[in-house]
Amino acid sequence: MRSCWRDLTDLVLPAECGGCARPRAVLCDRCRAALSGRTPRRVRPAPEPRGLPPVHAAAPYADEVRAVLLAHKERGALALARPLGEALAGAVRAGLGAPEARGRPDSRDGAGRAACAPVLLVPVPSARRAVRARGHDPARRIAYAAAGELRRSGVPAAVLAALGQRRPVADQSGLGSRQRLANVAGALGVAPGCARLLHRGRVVLVDDLMTTGATLAEAARAVRSAQGLPGPETEPAGKGREASSNSRPAFVYLGETWEGSEQRRTPPPAWSGADQQPGGTVKEAGGKSAGGTPGVVCAAVVAASPDAFGIHRN
């Protein structure tokens, strides 16, 4: 009977900690401290790809943190989504509080409107074959947990799963920084109907891990392209750079099903206030209509390579 009871409880309670394998804990105190116990920091890969938005990470990708991410992603330890989401929420808050995300001090009107806008967490999508093999999309699941944590702390947040793959990409685990850039170039696009929703708040790209930054840079390019915004990858040749072949907007149909109890089919909330215009746009002082918060405000990840935390690069 004792053995049967142990087997039954294993179906409800985790058998071991996702970080260090201690029994009877989703995440023990030591591993939770490794994941969320430090202040999230700005991280920069070397070399830093063009178009990469400011990225903040909760912890270095090593030891217990690496074990937790792999347990969630590869072994289906879905109970770890909540502590991972809490860590990601901390990185999102740090990114939104950085000077580059708050806007210039002299642009009071625009910065004030941006500060009141909801936060749209846009997860970097996994390859469809990886989602099928794992049975879930890790980054999306963590994003929903982070959005819930942000809302509980008073930050209006929603997940907008706007990005999808336009074409298959190779497994990046054995590729260098340049190879990864070439592998993901033009691979992501925004789903039909999602481009207008990207104007309804502050867009924050989120992922579980950043190594070279190539995928986050490509995700930022796809968002800017769908919004019709020039960027490092889309500026015309007259601006001093040669125009990229990836400058046209890209769209893809997201065929994966929605996951998790916190995932909602309603669109992200629109801005409130007298400056709100139909379609989620904001009227500027000169009378022109512009997107609420154009482009990508910042990016946030649970973990980044330890080298990206180098103090000389922060």
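Among the residues of segment 193-241, those identified as among the acidic types (Asp, Glu) and at pLDDT 90 or above are Asp207, Asp208, Glu218. Within the option set Glu16, Glu100, Glu74, being closer than 19 Å to Gly213 by Cα and either modelled with pLDDT under 90 or loosely packed, with under 14 Cβ neighbours inside 10 Å (or both) holds for one residue only, Glu100. The residues of segment 29-45 that are in a strand (DSSP E or B) and either open to solvent by 60 Å² or more (accessible area, probe 1.4 Å) or without any contact (Cβ under 8 Å) to a residue 24 or more places away in the chain (or both) amount to a single one, Arg41. Regarding segment 51-59, can at least one residue be identified that is surrounded by fewer than 22 Cβ atoms within 10 Å (Cβ to Cβ), not hydrophobic (A, V, I, L, M, F, W, C) and not in a helix (DSSP H, G or I)? Yes, segment 51-59 contains at least one residue that is surrounded by fewer than 22 Cβ atoms within 10 Å (Cβ to Cβ), not hydrophobic (A, V, I, L, M, F, W, C) and not in a helix (DSSP H, G or I).
Just one residue in the set Pro192, Pro156, Pro125 is open to solvent by 10 Å² or more (accessible area, probe 1.4 Å) and in contact with a Phe, Trp or Tyr (Cβ under 6 Å, 6 or more places away or on another chain); that residue is Pro192.
Using beta carbons and a limit of 7 Å, which pairs, at least six apart or on different chains, have the first residue in segment 285-304 and of a type in the set (S, T, N, Q) and the second one at pLDDT 50 or above? Short answer, once both residue conditions are applied: Thr293/Ala114; Thr293/Ala117; Thr293/Gly201; Thr293/Arg202; Thr293/Val203.
The values are calculated or read from the model by the stated rules, or taken from the named source; none is laboratory data. Note that the structure is predicted; figures quoted are calculated from it, not measured. Using ideal geometry, Cβ is built from the backbone for each residue, glycine included, and neighbour counts are taken over all protein chains shown. Just the protein is used for accessible areas: all its heavy atoms, side chains included, with ligands, DNA and RNA removed. Shrake-Rupley method; radii C 1.70, N 1.55, O 1.52, S 1.80 Å.
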